[in-house]
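The values are calculated or read from the model by the stated rules, or taken from the named source; none is laboratory data. What you see is a predicted model; the values in this text were computed from it and never measured. Positions of Cβ are backbone-derived with ideal geometry, glycine not excepted, and every protein chain shown enters the neighbour counts. These accessible areas exclude ligands, DNA and RNA; they are computed on the full protein's heavy atoms, side chains included. Shrake-Rupley method; radii C 1.70, N 1.55, O 1.52, S 1.80 Å.
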Amino acid sequence: MEDVLDVYHRPYDERCPVICMDEKPYQLLDECRRPIPMRVGKVKRYDSEYIRNGTCSIFVFTEPLKGWRKVSVSSRRTKVDWAHHVAELLEVHYPFAPKICLVMDNLNTHTISSLYEAFPAAKARALARRLEIHYTPKHGSWLNIAEIELSAMTSQCLRRRIPSIDALANELNAWNIARNNAATAVNWQFTTDDARVKLRGLYPCFYLTHDTSDMSEILSLKSICLHNTGHCSVFSKTPRRFSQTGGYASAEAPYRRNPAAFAGADRPSEAVDRPWVN
């Protein structure tokens with residue numbers, strides 16, 4: 001996650017532009033009966049029944065800092081299809097860029113091996129050398145800016161029945177040209193520091209199962225936390241948890257949350273703060 005966020009905050013470099021890629025399936029639907037057009041005082045009316053004409057796959061490549069995108073349609077979603085779309089990106093749209101930073105998800109077709117299945121080894125290797133690939137984490141495809149483009153495309157162009165691949169390609173081409181002419185860019189605001197606060201539950205924690213007064217052990221844990229997040233709080237007494245985001249848990253924590261629950265019982269041992277390691 002932090003790798004992708006760091007990529008998004010690179011300054012613009014025309015010699016290594018950041019390109020985000022994603023794809024989505026689309027169902028081709030035709031009308032069983034001709035819709036009744038909209039007129040004064042009447043909305044457009046259509047039958048809920050439809051004819052299913054199969055599915056296809058929509059590929060989107062976008063350069064968020066430049067406000068450019070390329071949308072294309074394929075009848076299938078295979079390794080060879082992905083490889084041909086990447087080759088078009090490198091050879092047609094960015095022929096003079098020595099390298100392209102490509103952000104995408106971990107789909108099984110999104111690999112360098114796909115290039116070797118589609119092209120001779122020499123050409124596949126030449127294309128692979130120009131790719132700097134960064135994968136979004138599993139269940140973290142929201143980090144892919146191309147999904148923002150897919151969302152805009154769906155709401156502006158695809159919320160209707162389109163019967164064929166040719167008709168879909170024409171509609172998407174018109175949408176693509178209009179959006180590129182407007183140079184609609186994406187201003188990404190989410191940073192690594194934001195992730196360490198809002199998504200702190202995703203970061204690993206360190207546990208000590210024994211009490212210790214060994215300062216070297218405490219300082220070692222503190223250095224690990226500082227290396228990863230830049231801040232850390234360390235407390236004594238067991239059981240303890242050292243979190244990379246600065247949180248902690250101790251035997252005293254339940255008492256502090258609900259003292260009445262411990263009425264008549266032994267109070268848990270105090271958590272002794274060690275300010276000299278904070």
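For E31 and N173, calculate 0.36 nm times their separation in residues minus their Cα-Cα distance, and state this gained length in nm to one decimal.
Working: separation 142, 0.36 × 142 = 51.12 nm, distance 2.25 nm.
Stretched out fully, the E31 to N173 stretch lengthens by 48.9 nm.
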Taking max minus min of the Cα coordinates of the range 1-42 on each principal axis, largest first, gives extents in Å of 52, 26, 22
Could you list which residues have their amide H under 5 Å from that of E31, counting only those 5 or more apart in sequence or on another chain, with H placed in the peptide plane? I51
Per the Kirkwood definition applied to all pairs of different Cα atoms, how many angstroms is the hydrodynamic radius of the range 1-81? 16.7 Å
Any chance you could list P(r) for the range 49-110, counting all Cα-Cα pairs in 5 angstrom bins from zero, rounded to whole %? 4, 13, 24, 24, 16, 9, 5, 3, 1, 1, 0
Quick one: plug the Kirkwood hydrodynamic radius of the range 23-70 (C-alpha pairs) into Stokes-Einstein at 10 °C, 1.306 mPa s, and report D in µm²/s. 113 µm²/s
Heads up, I need the accessible area for W188: 1.4 angstrom probe, whole protein in place, Å², nearest 10. 50 Å²
Could you tell me the calculated FRET efficiency between T78 and R10, based on Cβ-Cβ distance and R0 = 45 angstrom, to the nearest 0.05? 0.90
Using eta = 1.002 mPa s and T = 20 °C, Stokes-Einstein with Kirkwood Rh from Cα pairs puts D for the range 98-192, in µm² s⁻¹, at 133 µm²/s
Radius 14 Å from Cβ of L90, net charge of other residues (Lys, Arg +1; Asp, Glu -1): +3
May I have the pair-distance distribution P(r) for the range 1-145, computed from all Cα-Cα distances with 10 Å bins from 0 and rounded to whole percent? 10, 34, 28, 13, 12, 3, 0
